[in-house]
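Here is the structure we will look at.
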Amino acid sequence: RIHMMDRSLRWVWEQGVGVFDEQHQVLGIQGFITDITDYKHNEDELRYRLDRERIVSFISSRFINVGPESIDPEISQALQLVGEFLFCDRAYIYLVEAIGDAYHLTYQWWRNDTEPVSMGMKQLDHHNWPILLEQLATTEQVEVNRIGELREKAPVEYGVLTRRGVISLLAAPL
């Protein structure tokens, strides 16, 4: 890896051999350096997708023979696996009412160094959560790795979440 003047990071592959004089003193190195940054990014993306598919497959296989009495612990474990995989500090599943105006917290997971959801997030309304609920209403999951990402595109949610100390989250409609 090399750091560029603009502070970006580039991956390179280098191959070279020493050039020596008659007394076997090093005169220099002859070879080449190739920028493989795009290759590394593609490799990382492929690894991420493969890991995500493994988790989905693992979670799916756990639900095949689960009885009604064991469904809650399985959902909680699945939420934890997904939250940890995405490096979230919290992950939530909300049950959407048929009317579509209220979203009730059904399951949650949080990292050991964080705290469970506060009372203000157990039921979500459109006044405090306009963008988040719009995404959930279209059955989109909401994945936010850094709450700062919401500052411009969802300022209301950004304010609510930062006041509660949330760093990242995953919310999925159920």
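The values are calculated or read from the model by the stated rules, or taken from the named source; none is laboratory data. In this text the structure is predicted, and so the values were computed from the model without any measurement. Cβ placement follows ideal geometry from the backbone for every residue including glycine, while neighbour counts extend to all protein chains displayed. Just so you know, the surface numbers come from the protein's heavy atoms only, side chains and all, with ligands and any DNA or RNA stripped out. Shrake-Rupley method; radii C 1.70, N 1.55, O 1.52, S 1.80 Å.
Assorted remarks:
- Accessible surface, 1.4 Å probe, highest first, among residues E134, E152, E157: E152, E134, E157
- Rounded to the nearest 20, the Cβ-based charge dipole of the chain about its Cα centre (Lys and Arg +1, Asp and Glu -1) stands at 300 debye.
- The range 4-78: relative contact order as a whole-number percent, Cα under 8 Å and 6+ apart: 21 percent
- Candidates Q135, Q77, Q23: whichever shows maximal mean-square fluctuation once the chain is modelled as a Gaussian network with Cα springs under 10 Å: Q23
- Ranking by accessible area, most exposed first, for S76, S57, S168 with a 1.4 Å probe: S57, S76, S168
- Here the Gaussian network model covers the chain, with springs between Cα atoms less than 10 Å apart; of D89, D72, D38, D38 fluctuates the most.
- Accessible surface, the range 1-134, averaged per residue in Å² (probe 1.4 Å): 74 Å²
- Accessible surface of the chain [probe 1.4 Å, protein heavy atoms]: carbon and sulfur percent: 54 percent
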